[in-house]
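Structure, as structure tokens:
The values are calculated or read from the model by the stated rules, or taken from the named source; none is laboratory data. Everything numeric here is computed off the predicted structure, so don't read it as measured data. Ideal geometry is used to build each Cβ from the backbone, glycine not excepted, and the neighbour counts take in all protein chains shown.
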């Protein structure tokens, strides 16, 4: 199928700014779903609030646009009540890890079979450019006119520590690589996390003098390196891309099925 | 006659009612004094293939039941004051997106952590206006275990009928009290199942286009109709819109579908009202004391009657006005600082004849408490 067969064109044009990385990530995600040959009716896309969250309205799946930070909690209800569905949860950085941080770690802890996609542009875009828990120190934002003093979460380390069983990172620049990781994540049985660095030229780029979308995309290339690469070995300051974790652990819905079996015996 | 007689807590009666109504999914978080509802459902649900999940917090449990309702299941959560506060955001979401769900709030003293192990009826107004924005809501209550059972069944039925969250306002005293419950046989009480769309595959389904009767047939997530659900104002496809006409019509629909059906939603009981000179209006465990006093005084020839409200929201104004028409005085008996009192005063023709018999110190209001106030009122010549 063509990419547009997965989109609700009725709802276009989308609301993302020119140069935003989110559209590229949507493309990566749709290509992953297409490659896996999934039926559109077996996919539920659940999102929260923010620029990233609008993604769920644009796709022709069952789509659930929920509350700020709560997408994973809604998704948990969808998945546990109907485990045969594929549940994909795209979230922004503030959505996933500030207001939604508790839901994020607990979904990971349960290892429930949901794919979380953190579209990380290091800023609250929809509200006009406030810093997020993934901005890190030394960043300018509308609520940090003197630069941030807050440290950032490392999504990969946090997801691993919390119990996720598949963890990967890519960028909007590396769209094909991202598609590959998303495919693996969706196929993985358990809680999978894919962090995809995105660019927000409108707010982050402008405030922090990173230039336009093209130069920000260039930074995705020059600031990152593949896990296990020479480049990363030579410069540990680079952000690593790759699959950081891919392990098997009992999945929540499958474990609950065992509870049902046990309880039904009386 | 039921062969299944149990001697149980009110919270368990609620569980039995929920199971009878067909609850399939429960998400919750431990909180006094509602925890027994979660505990019992964690045992009972998987026995019948249902799902129970203890979530990371109150907010998440409210969100999880909404997700599970969208896949076509009857869902419920239970909580108390602080948890009820936390759930308000997602209750508003369920109002806006029209997702059937039942929320039991076993009331304890508040505000804040308040009085966790003691009774209160202080969340009446929160049940109505806890979440932001104009909306309508259904809130039910009961004063004994047989009624808790049937009102819980009603809560599920109304949630499915009107595609709305329904609040079950129980309280600590009734939730923890043990008394008899005769579980009705299958078929004795009516069960409403979800209205699902008959639109075949491939035909454009409009999840948010009300039929002439105001109802909206649903389609389960995972079925062949794929649509959008959002907490934003939305058009008939469920897609976000800020078109003033759409906003206006949706808000009217959300309130009208409940307010215009108040007669079908209203539940109440009455005791000795026909010739009553003094009318007690009460609900929940307070109503037990009101009924007890009325019955005792009737034996001595005093013309006292009780109107027991089993649905508080939408508030049954016309019913209250009608039942109070001939009364010399009306006593609202409740365990808060007059939350239903305000509604009764607004409903009746002569608000100056409406008085408050209340307690809000964590102790159950007694027949003596009510009698004392009654005598003061009578002493004034009312």
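When only residues in segment B:46-60 that are at the interface with chain A (Cβ under 7 Å from one of its Cβ atoms) and in a strand (DSSP E or B) count, which is nearest to residue B:25 (Cα to Cα)? Among those residues, the one meeting the criterion is B:51. Restricting attention to segment B:313-352, the residues that are assigned to a strand (DSSP E or B) and either in contact with a helix residue (DSSP H, G or I) (Cβ under 6 Å, 6 or more places away or on another chain) or surrounded by fewer than 20 Cβ atoms within 10 Å (Cβ to Cβ) (or both) total 6.
On the given criteria, is residue A:84 out of contact with any strand residue (DSSP E or B) (no Cβ under 8 Å at 6 or more places or on another chain) and modelled with pLDDT under 95? Talk me through it step by step, then tell me what you get.
Numbers: out of contact with any strand residue (DSSP E or B) (no Cβ under 8 Å at 6 or more places or on another chain): yes; modelled with pLDDT under 95: no.
Spelling it out, it is not the case that residue A:84 is out of contact with any strand residue (DSSP E or B) (no Cβ under 8 Å at 6 or more places or on another chain) and modelled with pLDDT under 95.
Looking at segment A:102-115, is at least one residue touching a helix residue (DSSP H, G or I) at 6+ places or on another chain (Cβ under 6 Å), farther than 25 Å from residue A:65 by Cα and modelled with pLDDT of 95 or more? No: segment A:102-115 contains no residue that is touching a helix residue (DSSP H, G or I) at 6+ places or on another chain (Cβ under 6 Å), farther than 25 Å from residue A:65 by Cα and modelled with pLDDT of 95 or more. Taken together, the criteria place residue B:157 among residues that are closer than 26 Å to residue B:6 by Cα and in a helix (DSSP H, G or I).
Among the residues of segment B:70-92, are any part of a helix (DSSP H, G or I) and out of contact with any helix residue (DSSP H, G or I) (no Cβ under 9 Å at 6 or more places or on another chain)? Scanning segment B:70-92 turns up at least one residue that is part of a helix (DSSP H, G or I) and out of contact with any helix residue (DSSP H, G or I) (no Cβ under 9 Å at 6 or more places or on another chain). In the set A:50, A:19, only one residue is in a loop (DSSP other than H, G, I, E, B), in contact (Cβ under 8 Å) with a residue 60 or more places away in the chain and surrounded by fewer than 23 Cβ atoms within 10 Å (Cβ to Cβ); that residue is A:19. Once segment B:207-229 is narrowed to residues that are over 26 Å from the mean Cα position of the chain (by Cα) and surrounded by fewer than 19 Cβ atoms within 10 Å (Cβ to Cβ), the residue that is farthest from the other protein chains (Cβ to nearest Cβ) is B:212.
Of the strands (runs of 3 or more DSSP E) lying entirely inside segment A:152-266, those containing at least 3 residues that are out of contact with any helix residue (DSSP H, G or I) (no Cβ under 6 Å at 6 or more places or on another chain) and either surrounded by 21 or more Cβ atoms within 10 Å (Cβ to Cβ) or in contact (Cβ under 8 Å) with a residue 40 or more places away in the chain (or both) are A:239-246. Exactly one residue out of B:95, B:63 is crowded, with 21+ Cβ neighbours inside 10 Å, at negative phi and within 12 Å of chain A (Cβ to nearest Cβ), and it is B:63. A single member of B:369, B:361 is in a loop (DSSP other than H, G, I, E, B) and more than 19 Å from residue B:276 (Cβ to Cβ), and it is B:361.
Of the residues A:73, A:96, only one is farther than 20 Å from residue A:38 by Cβ, within 7 Å of chain B (Cβ to nearest Cβ) and in contact (Cβ under 8 Å) with a residue 24 or more places away in the chain; which?
Numbers: A:96 fails: within 7 Å of chain B (Cβ to nearest Cβ).
Of A:73, A:96, the one residue that is farther than 20 Å from residue A:38 by Cβ, within 7 Å of chain B (Cβ to nearest Cβ) and in contact (Cβ under 8 Å) with a residue 24 or more places away in the chain is A:73.
Kindly provide the set of residues from segment B:230-242 that are at the interface with chain A (Cβ under 9 Å from one of its Cβ atoms) and part of a loop (DSSP other than H, G, I, E, B), ordered by number. If the condition is that a residue be at the interface with chain A (Cβ under 9 Å from one of its Cβ atoms) and part of a loop (DSSP other than H, G, I, E, B), then B:231, B:232, B:237, B:238, B:239 are the ones that fit. Taken together, B:131, B:141, B:71 contain a single residue that is closer than 20 Å to residue B:337 by Cα and at pLDDT 95 or above, which is B:141.
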